[in-house]
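Written out below as structure tokens is the structure these notes cover.
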Amino acid sequence: MPQNHLNVRHRHPLRDRLPGAAKRPEAPASPRRRRPDHSGHRLLQARKAGSVKLYAPEHPRLDRAVFGVTAALAVGFVIWGFVSTPSLGAVSSTAEGWVIENTGWLFVLAASFFVVFVIWLAASKYGRIKLGADEEEPQFRTVSWIAMMFSAGMGIGLMFFGSAEPLSFFISPPPGTTAAESQEAVRTAMATSLFHWGLHPWAIYAVVGIAIAYGTYRKGRRQLFSSLFWPIFGRKSEGWAGKVIDMLAIFATLFGSAASLGIGATQIGAGMQFLGWSDSLGAPLLIGIIAVLTVAFVASAVSGIARGIQWLSNINMVLALVLAAFVFLVGPTLFILNLLPATIGGYLGDMAEMASRTAATGGEDTSTWLSSWTIFYWAWWISWTPFVGMFIARISRGRTIREFVTGVLLVPTIVALIWFSIFGGSAIDAQRDSGGMTVDGAVNSNATLFQLLAHYPLAGISSVLVMVLVAIFFVSGADSASIVMGTLSQRGAIEPARGVVIFWGVLMGAVAAIMLAIGGGGAEALTGLQNLTIVASLPFVLIMLLIAFALYKDLRTDPLIARRQAAVEMVQDAVVQGVEQHGDNFQLSVDARPPAEEPAEALPGEPHVDGGLPSSINPRNV
């Protein structure tokens, strides 16, 4: 096979492109000398990143330490909540208050850092790196990829808060901003809602998603949270410290997902009450809803990611588009269209102020508001990173980092912009027109969306559609979480055993049902669970900062980067030698030379200088 080599040959002068070169006399050709051995050159070691062998055993082994300890702790919390609700509520509330008061600044800084970090990754030379082999194609179509990512990330949340959050900020704006229910309050409400659901949460997810996908599909590491620390700690990441990290990831995923499932069940129950199918939103109704949906998501989870989650996500995307189009057409269409640019302007214009808001700038009122909204959201998203980050990594094989960041960061932000403009704008418009969107002057988040639909035709049908959407979001999010917890329990297996997946799915449903039942269907137990999730997110802030550093360290040695850096350095050496030997009369070229014509001591692919009489150069072994 012919091999490439770099030549420097006589050519017309380069004139001013190499200042001062034309004044140098042409150096005499040096005699040919033996070249050093460059067989260890990274350009030759890293010609292509090929397919890696994934850890996908036919019968994956259960990590008894990780699974046993986490399962025992989860069951212990369930028993504690069942036996002593006040004690659990008091402890979680105290711990949550301490975290927000003493480490709120860390959440604020970290969330903005992750946004800058992932945007820089995408725009830099690292953006061309594939999350897989160099020639690998994406595993899922782009439409299905976006649908699965969106359903797993915050589908239930957007259904629950899509109308309620902008309406809440319109009625009670953040302290020190605008007057309540004013024209300026509309802009503030929309910008603040998008701030909580736009770039920041998805940047948090993207950091973990890129790290896991890169380590798994390009480096061949196990799909474990602890494996992300291999660039820093090496094999020590597989020891007990790594097991503790995996335990924390399972624990956060279990309780964070259970709290979200409780929110979804509560909204479904509120819809049934709105339609007159139930007299009250009590514990028996909520437990029944969770039991039925738990069976559904376990069935979906054991069917596999391609058949279960993809199918559900595609259906839900269509139904969500139908609902959004319906509200857009029958609601205040012109007002919604005007909100889109206004929200973008408010979001970008107020970004610095919103991202830097802390208790130091507004006193006790601001501190209380932050604990209920911004810091709560950042902690909530961080507690979801083990689940969502690993899930979007699983479905992103074959995409470049630039494609990944573009999809994960921008697409959900655009969807959130449109969603909040339609549902939040319609809720604000309904409140300004009739004032019927509040109960005793307060927003009831469970029922806000159904109250909005009551203002439009086909309220019964659209309300049923909402419940179906929430139910499918419940199932798609829960079976994604159960598969992720199964992966973490079985040493990073791509396809965890069905029994393990079913165990985590049932336990997740049990946690949500029991915690809701403790408060008689009220919010007390769910609030305690949310508080615990916020507390659990604190160590993950530090872990994620370390993950960002480990990812950067890993990417610096990627074959694509190594090839590029080596090629630049070798060409630089060739140019320097060419100028020194031939002045400004040379050109660079890459020619194919049969092995028989090449000197025995020359290394294929090594720079070579031709000008006048042939002479060789010896580039540095970079």
### Task
Confirm whether residue 218 is closer than 15 Å to residue 485 by Cα, crowded, with 18+ Cβ neighbours inside 10 Å and either in contact (Cβ under 8 Å) with a residue 24 or more places away in the chain or touching a helix residue (DSSP H, G or I) at 6+ places or on another chain (Cβ under 9 Å) (or both).
no
### Summary
Counted residues in the range 94-141 being over 21 Å from residue 543 (Cβ atoms), among the polar types (S, T, N, Q) and in contact (Cβ under 8 Å) with a residue 40 or more places away in the chain come to 1
### Task
Considering every residue within the range 94-116, establish whether at least one is at pLDDT 85 or above, outside any helix (DSSP H, G or I) and open to solvent by less than 40 Å² (accessible area, probe 1.4 Å).
no
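Scanning the range 391-408 for residues that are assigned to a helix (DSSP H, G or I) and basic (Lys, Arg), which turns out least open to solvent (accessible area, probe 1.4 Å)?
Per the criteria, the residue is 394.
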### Residue identified as touching a residue at least 24 places away in the same chain (Cβ under 8 Å) and open to solvent by 10 Å² or more (accessible area, probe 1.4 Å) among 388, 411
411
### Message
Looking at residue 395 and the list (1) in contact (Cβ under 8 Å) with a residue 60 or more places away in the chain; (2) under 23 Å from residue 192 (Cβ atoms), which single condition is not satisfied?
### Response
(2)
### Query
Which residue, of 276, 262, 239, is open to solvent by 30 Å² or more (accessible area, probe 1.4 Å), of a type in the set (Gly, Ala, Ser) and over 17 Å from the mean Cα position of the chain (by Cα)?
276
### Task
Please give the number of the condition residue 359 fails out of (1) open to solvent by 10 Å² or more (accessible area, probe 1.4 Å); (2) in contact with an Asp or Glu (Cβ under 9 Å, 6 or more places away or on another chain); (3) within 23 Å of residue 258 (Cα to Cα).
(3)
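Can you name the residue in the range 154-175 that is of a type in the set (Gly, Ala, Ser) and within 28 Å of residue 366 (Cα to Cα) and, of all such residues, is modelled with the lowest pLDDT?
157
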### Message
Every residue in the range 313-341 that is over 16 Å from residue 416 (Cα atoms), assigned to a helix (DSSP H, G or I) and either among the small types (Gly, Ala, Ser) or in contact with an Asp or Glu (Cβ under 8 Å, 6 or more places away or on another chain) (or both), please.
### Response
313, 335
### Query
Of all residues in the range 414-466, which are crowded, with 19+ Cβ neighbours inside 10 Å and among the acidic types (Asp, Glu)?
429
#### Entry: Within the range 429-445, tally of residues that are assigned to a helix (DSSP H, G or I) and within 30 Å of the chain's Cα centre (by Cα)
0
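The values are calculated or read from the model by the stated rules, or taken from the named source; none is laboratory data. None of these values were measured; they are calculated from a predicted model. All Cβ positions, even for glycine, are placed from backbone atoms using ideal geometry, and neighbour counts span all protein chains on display. Remember, those area values only see protein heavy atoms, side chains included, never the ligands or the DNA or RNA. Shrake-Rupley method; radii C 1.70, N 1.55, O 1.52, S 1.80 Å.
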